[in-house]
Every structure is written in structure tokens, then in C-alpha cells.
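Read the structure below first, then the notes.
The values are calculated or read from the model by the stated rules, or taken from the named source; none is laboratory data. Being a predicted model, the structure only gives us computed values, none of them experimental. Ideal geometry is used to build each Cβ from the backbone, glycine not excepted, and the neighbour counts take in all protein chains shown. We work out accessible area using only protein heavy atoms, side chains counted, and drop any ligands, DNA or RNA first. Shrake-Rupley method; radii C 1.70, N 1.55, O 1.52, S 1.80 Å.
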Amino acid sequence: MSLRFEPRLTRDWGDPSVIGLEGYVAKGGYQGLSKALAMTDADIVEVVKSSGLRGRGGAGFPAGMKWGFVPRDTGKPTYVVVNFDESEPGTCNNRELVERDPHRLLEGMAIAALAIGCETAYLYVRGEYLWQSIVLERAIAEAYATGHLGPDVQGSGKRVDAVLHRGAGAYICGEETALLNSLEGLRGQPRLRPPFPAVEGLFASPTVINNVETLMNVPDILVRGAEWFRELGTEKSPGTKMVTVSGKVERPGNFEVPLGTPFRSVLEELAGGVLDGRTLKAWTPGGSSTPMLTAEHVDVGLDYESLAEAGSMLGTAAIMVMDDTDCVVDCATRMVRFYAHESCGKCTPCREGSWWATRVLERLEEGQGLAADLPIMHDLGTNLLFRAFCALADGTASVINSSLQHFPDEYEAHVRLGGCPLKVEHLEEVLA
Amino acid sequence: MPGEPVTLTIDDKEVTVPKGTLIIRAAEQVGIEVPRFCDHPYLAPAGACRQCYVQVEGQAKLQTSCTVPVAPGMVVRTQNTSEAARQAQVANLEFLLLNHPLDCPICDRGGECPLQDQALAFGPGESRFIDAKRVFPKPVPLSPLVGLDRERCILCARCTRFCDEISGDRFLELFARSAGERVSIAAGEDFRSPFSGNTIQICPVGALTATPYRFVARPFDLTSGDSVCQHCSAGCNVRVDVRRGEVVRVLARENPDVNDAWICDKGRFAYRHADAPGRITTPLIRDRGLEPASFGEVLPWLAERCRTGRVAFLTGGRLMDEDYYALSKLARTVIRTNDLDHRRAFHGGLAEVVAAAAVTDRERSVTYADIEHAPVILLAGLDAEQEVPILHLRIRKAAAHGAKVFVVHPRRTRLYDVAEHLPTRPGHEVFVLDRIREGVDDGSFEARAAAALRSAGAQGIVLAGERLAEHPLAADLALAIASKIGSRFCYVTRRANDRGALGAGVHPSLLPGGRRFGVAGERAEVEAVWGPIMASEDGRDAQQILQACADRSVDVLFVIGADPLRDHPDAVLARRALANVATLVVQSVELGGLEPFASVFLPAAPAVEKDGHLTDWEGRWQRIRPVRDALGISRPDWEIFAGLAAAMGSDLGFETLEELHEEMASLFVPRVMPERPNVWAGAGAPQWLDDLTLFTYPLLVDEGTLSDRADELKAALEEPAFAEMHPVDAEKRGLVDGVGVRLTTAAGDATVPLRVTDHVAAGSVFVPFNQPGLAANTLLSGRSTASVTVEAVADVESAASAVPDAALATGPPA
Amino acid sequence: MPLLYLAQSVEGSVTREALREIGALLGITTAEVEAVASFYTMFRLRPTGTHVISVCTNLACKLRGAEAVFEAAHEASGVAHGAERSDDGLFTLHEEECLGVCDFAPAVQINFCNHDNLTPERMRELVAGLRAGEVPSPARGPAFDSFKTASRALAGLEEVTSA
């Protein structure tokens, strides 16, 4: 897949003037909103459905279909909630998208609001993105001042209000229903489904929760059409995707690529290859919650289907690269510790399982591992997968299962050597 | 209301259940138990513990059976027939036991612990965990009643969900997250809820324990009996646990028709009365210096005085139906008087008659189920949380289902977050009720209540508390509202068996079954069973009886299961009456404050030693059985009455409980109800008087005799006496929150700390009836309200214990 | 949640009194407030330093040397491992989870302002500067000179001016 393509989400990244409303409008901004105002809600939903745009937050659920699920006859207000809680380790594309093009998000959000008859949209921003939330607040103020948001959007008589809410440091609040609870001022623990947010979400009303990147694709779809959107990407994964590359690469950063682009192209052409010319050992395709892959998988296409076939997931397309100097067990320990720290505590397997896994992995890494620990880790991988209240534990399981699957010798070495093979000094002496 | 039937298969067994039933419940129907911790039939599904996994055909992932409702044709496999489900359950128990301490030998829950039982049945045999468990200081007192052992907690959140969904007293919450998540109270904010004990009972491990029961007994030490709580008219079903003859614990017994699975803390923790040091188990007679005597000696002595003198009877509200019936018959057929009364101040008029007559008539009763499903409920003169707590919970349940609740009461109740309150000065309820009856349409509270009741039709409910009957017309007015609109009506009495006493005719003008003494036809029905009724005219009520005793025109006064000194709303009169009456017979479990006045003491058995019925506020009969044998020679009250009748040469006509029941059955048959008033002259408009009306009612946890020695309960929930006044009135008098005030009425005065709050209606002053520091009946002259003046007191000391730190059972400040 | 940010912007942490007051204001129990406050890492319920230093040590940052940066932060700030803050009350230091600056790892936030591509040496410089009363310029956005000021911004009380 060629890396030469007409950029979409990053089109105006070289032009800081689009951060301000005037600059944004000068570059064709808020025309998608104008178009949407002239369409019926159903037609807006239709065009987004036809585009095949899939949620970019990790689940990959078709956005148009999600909007279509919202019942319009309940007598209750409908809500659009922007999920800007970006906390998946390795992911920071939403951050840069908002820093460089905040109005595009507002426009996409407003169009979504029109599509489902929503008059008050909420933006949930993770607390640590303080600066980015201020950028958004300024953009919202500008949009209000010029009538692109507010009681009379672009003179149409329709209302779209925007309320910005800051999180306070909880990865779990990126989960839809936990986000809703947090937005309502409660502890960020996920809710039982059914009922689904589309039917009973924010304040028990029909709600659509969309990722920042997903919404930022919407204005262009309205202006350029569904067919145009499908010109890039694959049949089942149309469009472009922001990819974050970090870790042991020469040029870490956020890049836009058509879906389906092989990882090799991203790694070598965009990120400059493995740092210091070392060898690729392992990489997460979509953040730490996706099963890690190895050098064997370097040619896999970055789209939902190809990665699923390879035994992993696209997730947030947050690629963290580990090289041959990195101990997988050490990395796995740190990743599992993340899940243990971020577990909301509600359900037994996630709360206790990730805690136990952390204890065992820490012992393994520190050289106190026992042979009995390996079957325990295997069982933890099995007992955490699909056994918890929400998918956070599945992330933990991904780390454990994939690291065990691809690097069993490293684990065994830790037990056998009584320490990390990459850290043990005088390794030769030990082996002798 | 059940849904259409759905048929599914569980472990190859077919089962049909109503639509909406959860898989776990359906499994129970065919005797299949799926292990669970966070699931509770009366709480909304949580899906937190992940123990109840089952396999559902067609679903790739295992499903939690406690969150998934059944579907037609569903095929479910539990741990019995699915290896995947079984393995998942074992793994989950492994997780649960990871950090669970090996406390079983010292844990109160041991032997009756769902974690123990399910770990044995469904869990792994040994632990693979070699790292250090999480440890915490233990136990942490959440209140004087409830202790928390964090190490044992499995975070099923049953306790926090109970507080959120059922009681609404959200003092218990989950704090922090991940492995540090814990159940906790906020420091300085005790778990002060009158329902806190339920969390102990539903906790599936020994994390929440009852402080009064800590280290007291093991389940195999106990003998248990089923009974009904006698602390109020809720009729809660309980299980009483006895160890070596002593009552050591009371638990709730599930009854979806009555108390769901709950009891209040008073019912749970005030059980030491029957074993109190003051308990007397033999007759005493003053002539012998209050030395123990036998019934054989005492009854003839008493009989002689009853034959020659004028006799009157006063009772409390905790006797059994059979006791009241026997007394009613004794008074009318042997003693020849209608001077008997169980009430204190409230005379319910026609509402009372209706309540008495409806005792046997289920069709006309309001039940808990009616409350739960009512779309509209109007309460007047009732603070359910303090007076009939489990009724309060049911009203909350109705509100959670969308019911509109309206409360007419001088003081804000704990329904404040789910109901509309109209703070109404005592005595002014008539005006409010009249406007509702009229159906005013002016956007007011009355208009909303009227409209709501109208739209609810026969499913709307009007509840009149007995205090409404202070005003002669009020209770009947509530009845009139119901009649006009077609709502259901209930006159709610407070004490355990006030309804039974009413029904039995322990009342100056009522005979059993609500039959009026003054109506010849109704009297004849009773005489057909009893023989001639010797009394010739309507009797005197409690106030009049005491007055007659004070005037020495009553010679023998029986005080049965009551304490007029503390309970009668005229302390001065009560004292004079008891001092002046020639013969005072105290028939009770203890003598208490009546000792200086008693001529004779007859030992009655407490509820735990009795066999009979109690009638709850609904009018429902519930059988209680003895949990242990009667101590000493104490006897059920009805037996004592029968013995007295025999000593007087007469015969009550029954010697066994069965015979008594047979006779009662013949009288308690559904009858034609008395006409309800539907014509009303109108109550006019309230006159705003310049002075203040003092009003009082008993709070749940007070100095009542039945709460004797319930020290932990009192430490947790009892407040010292106080007065409440509205800011408007306080300002007029230059009074501020926290000062000591002197309350002066015609009957006397008292000094208490003042709370200035808008939770009471303007123009009224509230004092609780029986708290430490003030017996409010010293301020009353025969009614539960009185005109009062309030002035500041210079005394610095009295200001000391003003507003307590922690939030009250009536909730945090608005 | 904004009320909790407001409380810590005034008192430097969310105190017991603040919890009670917020409960009274909203008509809920103190427990309900504390339940929410204790769930999130950015609400500090314990004594906090003037400056809060958050060092991300999650995978992307760890791979680029975050652990060394964290150690340097410990030495420079005087916050002992496991302690709430330094003895002089100036600093609170903790390991953080992914801050969303994986492209400029190792990432650190000082009073929720971003400092990118940190090295142990640069970390020491920053801490020394803070100690001297300087307000370091973040990689992006305005500088907040203390945890309190940042909390105030988080509460939504900072003036919003046009870009």
C-alpha cells in the first residue's frame, strides 16, 4: 500500500492558523456542518453509514450504525458524548489532532448531534490533557461567538450546545459506560449492559459515545461523500487511521495512514526504523491492550481484519516497539501493573487477577520466580479473558497470553536463571 | 405483576418462569444452585463477583446468570453440566480466596458463611498463592452496631447497594479503586441508619459483623425460633436465636408479603428486654412487702377487690390478639365495665372503627403489596421511618418504581428525597386534607396530590397515621378523601399490636370486630357468642380512666404491658392517678417505674415465650410461637385473665389456646362495613395563631421499655432530648441554633438544646417523646400537642449537646 | 468533580472539611463525595506538595528511559520512595500511567503541564528550577505555577481567551 496519499485528518497540520476559527473556515471548515443542516437526520446517518467509518477508539464498531440505533421516540433528550479520555498506553493521536485542529472535532460533534437530534453535546476530556482542554474551550467559545454552536447554529434555528467536562485520572473512564458514570459525577465504574447507551445512556437517555478521531472524519464525509471516503483503506476498513508509533524507533510520532498499510511501511518509512539499527523483537499493534506481535508479523496490514487474523487487534493503532535489548517479561510486568493500577475494582477477576499477576511477574523479574509460577501465569491469562465485567481485564489477558505465547523461553529463563537474562551480570558465569 | 411464561432448559431440566426472571432465579426453581455472592433477590443485579457463570448455548462467552433474563428456548448449562462453567467458577473462587484471611476459627460468620459453603462446594481445594496477602487494621467500627473487617470483604457491594437502593442512607460507599477498593464510611460520618443491621445479614462473608454479637456464639450453639417482631406494627418476620436460654440475636426472616428480607435496627438489636435484670417471673403482692407469691394466693385476693370495687383497664400495644380478646371479654362479661383502653391520646373516630372492623377483611385492607405497586401514596400524620420503618422502606420501593408520594406532616421525614412534603402545623392537617378532598386546582401541593390521587383511582393509597386523629376530624377526613376518589385507605397504628387491640375491642365503645357497643344489633352479635354483656354504657377512655383514678372513683386499675408514667400524655395526671387509686395491678414483664405504686404484680410472659397472633398495620394476622419456655411462673396474659375470671367464680369460656381461637374465629368474620362519610361541611381556613404548638411523637430509638439494655443500639442511634423550631419563629424570639431553651406549657416546663431548622413547620415546636433528658409527657395535658412558649436559657451547660456532628437518620441537612 | 478540583485549588488537597462541605452543598452524604474523590488519581486527598511531579513510566516511556528519569526526580526532589511529599513540602512525586505523550517520551507533567523528551539531567534541572522559585516553560500550553493553580484551571476557572 502506498504511503503517498491525500492526507485527510492531518491535511492542515502544517498550518497553525486552522487552530483559530477564522483560519479553519478559510480552509473550508464548518462546510460539513452547513451541509448537514440542510439534510434530514436520517440522511446524515445514511451517509456516514455508507462511508463505512468504523469507531476509531478501539472497538471498530461502524459509527453510522451506532447513530442509527438511537431511538427518537422516547420523549427523552438524546446526547452525543465525545470520548476524549485517550488513555490507552501508547496512544496520543487524539491529543495531537485536538492540538492542531480543534474545530474539526467540534464540527464533527455538531454533525453527530444533528444526526440524532441532540441539543446538548458533552466532551469528556481526560484530566491530564489540561492544555488540550483549554484549546477546546477556546475553540468552543469561538464557535459560539460565530454561531457554529449554540441556540441557532448557522442561523438554522437548531440548537447544539457543547459542555466540556474534565476527567481526573482513570483509564477505565475511556470505557463508554464508565465514562457516562463519571460524567454524571459518580465513580467511573462500568454499567451493566443491556440497557445499551444508545437506548439508556447519559442520564438514562439515548446516547452516542464517539471517539475524537471518529468524529474528526465526519465533516469530510459530509462534504466529499461516502464514496470518496472509501477511496482509501480496505473494503471492510475504509478510510485512514491515525497511528502512533513509540518506543524503540528513530522517529516516534503520530502518523496518518490508509487502513491496511503494512506495519513494515509505517515502521521503516514513517518512524525511521528501529532505534539505533537494532532488531525488532515485539510490538503492540493497538496499545498495550492488544496482544503483542513479533518480527514475524512485520508485514501484517494495519486494519481490523488483518490484525485479527494475526491473532491481535487494531485497537487504537498505538504501536509500541520493543527491540532485542528489551526484556519481554519486564515489559509485560510494567504493562500488567498498569492494569492492576487502573482496575476499577468492581469485579473479582480483574481486581484480584491483575493484582496477583503483578505480584508473580514482579517476582519473576526480580529473580524470585518459581517453576510453579508459569502455570499460574498461564491460568491467569485464561481466567482473565472474557471473564470480567468489562474489557479492561481482556487487555491484561492480552499482555499475559501474547507474551507467554511468543516468548515462552524468556519466562522459563527467568525461572531457571533466577533473574532476568538481559539484566543478569556475568551471565556466562551463571550459565557455566 | 408477573410477565408471560417463558420456558427454557437448565441442565436438561425444563423450567417455566415469568418473563424477566433471571437465569439464576429460574435455576433455583428446579433445585439447581449456582454459586453467587453479589446477587441478592431484593437488590438490582450487579454482575460484580463473577461467580455465577453459566454457559448459554449460542453465546461464545460465559454469561453471569444473575444479570441475564431468561429467553424462550434458551439452553443453559451450569457447573453441573458444563466444564467451562465449572472451571470458571473454580477460578473465580481462587481469585476470591486469594486475599481472604484464614479467619474462620475466629470469624462470627463461620458455620453460616456463604463463602465457606460455596468454596467447599465449588472451589479449588488448595491455594497456590505464595505472595503476601493485603492486610488492614480490623475491625473498623462503622458505628457502635456494625464492625468492618476489610480483609474479609470480597467487594460484592451488597452493603453499599442496600444503602443506595433500599434505605437511601448512603453512609456506606466504595472508596478508591483496584486492589485498594474498600467499603467505608467517611471519617466522622458514622453509619447512622436505622437499617444498618441489614447489611450485616446480607454480607456473604464475615466482613460486616454485629458488634453486640461479636464472639458471642456459633451457629451450632443456637436454638432458633420463628417469630414476629413486637417493636412496631410493621409485622416483620424474624428469627430469634437463643443460646443457653438467653436471646442473643435476632435476624430478619424473608417474607415478600411483609418485610421482604429486612428488619430495622431496633427489631434487630433490642432483644434484651426479656432477659433484663428487672424481669420478674412470679406474682408479687405489696401486703407481703412485694415478696414473691403464687397465683393461687394473689388471684383470689384480687378477685375480691374486683368484685366489690370499680375496675378499669389500661394496656399497652404489645399484647397478642388472644390477650386482647380475653381482656375484652373479661371486662365486659365478668367485671361488667367498658372502662378499658389501649390507646394513649389518639381517638380515631370513624377511621378507627373502620380499622377495627377491617382486621379480618383482606379485601378492604391495604397491604404491603398494594403499597409497592401503588402509583400514588398520600401520607398524613405519619413519620414512617421512625414509626413503622419497614413500611417506610416499602414506600421507598414504590417511589423507586415511579410512585408519586405526598406527605402531610409537621416535620420533614426521611422520605424527603423521594416524596413531596408539605410541612403542616399540627392541627392544620384538616385544612390541607380538606383542600385535597375538594380537589383544588391552583398549582399547590394539595392540587398536585388531588390530581395524582384522582388519576390513580382505586390503586391510589391514603395512609393516615394515628397522630392525625389528634384532631377530631382529621382521620375521618382522610377517610373521606379515599371514599370520594375511590382510593384505598388505611389508618396506621404504631405499636406492634394496636391493630389487634382495636380489633378485639380493648376500647371504651368498641367490641370485637369493630362492632359498636352503642349499636344494639352489633352488640347482639357479640352477645350471641359471649352471653350477656354486663356493662351498661360506653366506657371511659384512658385519660378519663386516669382522671377517675386520681379522683378515687376507680378502685382497681389494671396496667397491662404499659407505663403511663412515661407514656401517657399527661404525666402529672398519671402520677396522681397511680398514687391515688386504691389498688394498682401491674401485669407485665417488669415493674420498672411503677414499683412505688403497685399493689400487685402479675408476671406476664414476653413475646419470645408466647404462642398466639399479632396483627400488623395491614390487619394481617401472623402467628408467633414460643422460642423458649416461659421463665419462672410467668404466663401469657390471656391465661392470667382466665385465671382471674375463675377466681371470681366465673368462666371466660376457654381453657386452651385452641378453644380461644375457635371462639375468636366465630366473631372475626368479614362484615358489612360501616358507612364512610362522603358529605363534608368543609373545614374552613386555618387561623394563624401567634403562639407555638408543641408536638411530639416517639422516635425509633428511645427510652422505651422494650429497648432496655440495647446499649449498642442506643449508642448508635439514640439522641439526647432536643427541640426543633423553624428559623422564622426562632428569629422572632431571638433564638439561635444550639442555645438551651426552656419550653413552658400548661403542664410544666423543660430545658433542652434547640435546633433551628426548616425541617419543622413554622408555628410548631417538636420534641421527641421519650429520649434521655426529657419525658415529653411532662409537658402534655392529655393530648400529644400543647401550646408552648419558648425562651432562651442563660445556662451555658444546656447548650453543650445541641446539633450532633453526624447526619441523623432523618438525613443530612438540605 | 469540578467542585473537588476547586477544593484542592484552595487548600492544596481535598481536605475532610471540603468533602463535608461539598456534600452539604449537593445534599449528599460525605461518604458519597469521598467515594468519588478517592476513585480518581488527580484528586489528592492527602497532604500534597506545592508542586506535583508526575513521571510516566508506562511502556513507551519506559522503553525510552523513564525509570532513570523517575529515579533522578526522587533524588532531586527529596521525596522518598512511598512518601506523600518531600519534607520541605515543596514536592509530591509519583509514577504515572500513560500521559498520552508517547511521541515525546519520556514524558513528565509538572502541575499538569507537559515536559517532553526528558533525561535524568533535564529532570534535575527542572526540579532545581522549581526549588529556586522558577516556573518552567512547558512543551505545550501555558505554565501553571503550582498544583493549586493547575487545579483551579482544572476546575474550569481559568479565563478562556481567544487563540
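Based on C-alpha pairs under 8 angstrom that are at least 6 apart in sequence, the stretch B:692-808 has a relative contact order of 38 percent. The calculated P(r) of the stretch A:236-339, using every Cα pair and 10 Å bins from 0, goes 16, 53, 28, 3 in percent. Each label point was placed 7 Å from the Cα along the Cα-to-Cβ direction; for A:E268 and C:L25 their separation is 5.9 nm.
Protein-only accessible surface at a 1.4 angstrom probe places the residues A:S17, C:S38, B:S167 in the order A:S17, C:S38, B:S167, largest first. The calculated pair-distance distribution of the stretch B:349-496 uses every alpha carbon pair, bins of 5 angstrom beginning at 0, and gives 2, 11, 22, 26, 23, 13, 3, 0, 0 percent. The spread of Cα positions in chain B, taken along each principal axis and listed from longest to shortest, comes to 84, 63, 56 Å. Dipole magnitude for the stretch B:5-98: about 220 debye, using +1 per Lys or Arg Cβ and -1 per Asp or Glu Cβ, origin at the Cα centre. Rounded to the nearest 500, the helix-only mean residue ellipticity at 222 nm of chain B stands at -7000 deg cm²/dmol, with each DSSP H run of n ≥ 4 adding -39,500 (n - 2.57). Approximating the spin labels as points 7 Å out from Cα along Cα→Cβ, the B:R623-to-B:E57 distance works out to 4.5 nm. Rounded to the nearest 0.05, the FRET efficiency derived from the C-beta distance between B:E112 and B:F215 at R0 = 22 Å is 0.90.
Put B:M648, A:M242 in order of accessible area, highest first, and with a 1.4 Å probe you get B:M648, A:M242. The heavy atoms of B:K19 present about 130 square angstrom of accessible area, all protein chains included, probe 1.4 Å. Heavy-atom accessible area buried between chains A and C is around 4000 Å² (1.4 Å probe, both sides summed).
Given R0 = 45 Å, the distance between the Cβ atoms of A:E309 and A:D43 translates into a calculated FRET efficiency of 0.80. Only Cα pairs under 8 Å and 6+ residues apart enter the sum, and on that basis the relative contact order of chain B stands at 13 percent.
Taking one quarter of the surface of the C-alpha convex hull of the stretch C:81-144 gives a mean projected area of 4.7 nm². Sites listed here are GluC sites (Glu not before Pro) in the stretch B:8-84 whose DSSP assignment is loop and whose Cβ has at most 16 other Cβ atoms within 10 Å: B:E33, B:E57. If the viscosity is 1.567 mPa s and the temperature 4 °C, what Stokes-Einstein diffusion coefficient in µm²/s follows for the protein assembly as shown when Rh is the Kirkwood radius over Cα pairs? The Stokes-Einstein estimate is 36 µm²/s. Amide H contacts under 5 Å for A:E119: A:T78, restricted to partners 5 or more places along the chain or on a different chain, H placed in the peptide plane at 1.01 Å from N.
Charged side chains reduced to their Cβ positions (Lys and Arg at +1, Asp and Glu at -1) give the stretch B:289-375 a dipole of some 420 debye around its Cα centre.
Compare the Cα positions of B:F695, B:A715, B:T751 along the charge dipole of the stretch B:692-808 (+1 at Cβ of Lys, Arg; -1 at Cβ of Asp, Glu; about the Cα centre) and return the one farthest towards the positive end. Positive-most Cα among the choices belongs to B:F695. With θ taken as phi - 60° and the Karplus curve 6.51 cos²θ - 1.76 cosθ + 1.60 applied, the whole-hertz 3J(HN,Hα) list for the stretch A:125-137 is 10, 4, x, 5, 8, 4, 4, 5, 5, 5, 3, 5, 4 Hz, x standing for glycine and proline. When the Cα positions of B:S666, A:T358, A:G188 are compared along the charge dipole of the protein assembly as shown, B:S666 comes out farthest toward the positive end, with charges on each C-beta of Lys, Arg, Asp and Glu. Using just its DSSP H runs of length 4 or more, each adding -39500 (n - 2.57), chain A gives a mean residue ellipticity at 222 nm of -11500 deg cm²/dmol after division by all residues. Peptide C:15-24 is shielded by partner chain Cβ atoms: per residue, an average of 3 of them sit within 10 Å of its Cβ. Rounded to the nearest 20, the Cβ-based charge dipole of the protein assembly as shown about its Cα centre (Lys and Arg +1, Asp and Glu -1) stands at 1840 debye. When the surface is traced with a 1.4 Å probe over the full set of protein chains, B:W262 keeps roughly 10 Å² accessible.
Loop-located chymotrypsin sites (Phe, Trp or Tyr not before Pro) in the stretch B:202-235 (DSSP state not H, G, I, E or B) with no more than 10 neighbouring Cβ atoms inside 10 Å: B:F215. Computed on the Cα trace of the stretch B:1-160, the radius of gyration divided by the Kirkwood hydrodynamic radius gives Rg/Rh = 1.02.
Counting Cβ atoms of other protein chains within 10 Å of each Cβ in A:83-91 and taking the mean gives 4. Computed across the stretch C:1-156, the Kirkwood hydrodynamic radius from all distinct Cα-Cα pairs reaches 15.9 Å. Percent of accessible area on the stretch B:366-454 owned by carbon and sulfur, 1.4 Å probe? Ligands and nucleic acids excluded, carbon and sulfur give 50 percent. For A:D303, nonlocal amide neighbours, meaning residues 5 or more places apart or on other chains whose placed amide H falls under 5 Å from its own, are A:G260.
Applied to the stretch B:198-207, the Karplus parametrisation 6.51 cos²θ - 1.76 cosθ + 1.60 on θ = phi - 60° returns per-residue 3J(HN,Hα) values of 4, 5, 5, 5, 8, 5, x, 10, x, 6 Hz, with x for Gly and Pro. With a 10 Å cut-off around each Cβ of A:284-296, the average count of Cβ atoms from other chains is 1.
When Rg and the Kirkwood Rh are both derived from Cα coordinates, the Rg/Rh ratio for the stretch B:692-808 amounts to 0.95.
Computing Rg and the Kirkwood Rh from the Cα coordinates of the stretch A:16-229 gives a ratio, Rg/Rh, of 0.93. Working from Cα positions, state the angle (0 to 90°, nearest 10) between the long axis of helix B:637-647 and the longest principal axis of chain B. It is inclined by approximately 30 degrees.
Ordered by solvent-accessible area of protein heavy atoms (1.4 Å probe), largest first, the residues B:S536, B:S483 come out as B:S536, B:S483.
A 1.4 Å probe run over the stretch B:5-98, with the rest of the protein chains in place, finds 38 Å² accessible per residue. Inter-label distance, B:D441 to B:D758: 3.1 nm, where each label sits 7 Å from its Cα along the C-beta direction.
Considering only alpha-carbon pairs that sit under 8 angstrom and 6 or more positions apart, the relative contact order computed for the stretch A:240-323 is 36 percent. In the stretch B:469-602, one over the average inverse separation of all distinct C-alpha pairs is 17.1 Å, which is the Kirkwood hydrodynamic radius.
Partner lysines whose Cα lies under 28 Å from the Cα of A:K241, excluding those fewer than 8 positions away in the same chain, are identified as A:K27, A:K35, A:K49, A:K66, A:K281, C:K62.
Please identify which residues in the stretch A:332-346 have an amide N closer than 12 Å to a label point set 7 Å out from the Cα of A:L422, following the Cα→Cβ vector. Flagged as within label range: A:332-334.
Counting only alpha carbon atoms, the long axis of helix B:474-485 and the longest principal axis of chain B meet at about 60°.
The calculated FRET efficiency for the pair B:D749 and B:R576, based on their C-beta separation and a Förster distance of 25 Å, comes to about 0.85. For the protein assembly as shown, the residue among A:P258, B:L148, A:T214 whose Cα projects farthest onto the positive side of the dipole built from Cβ charges is B:L148.
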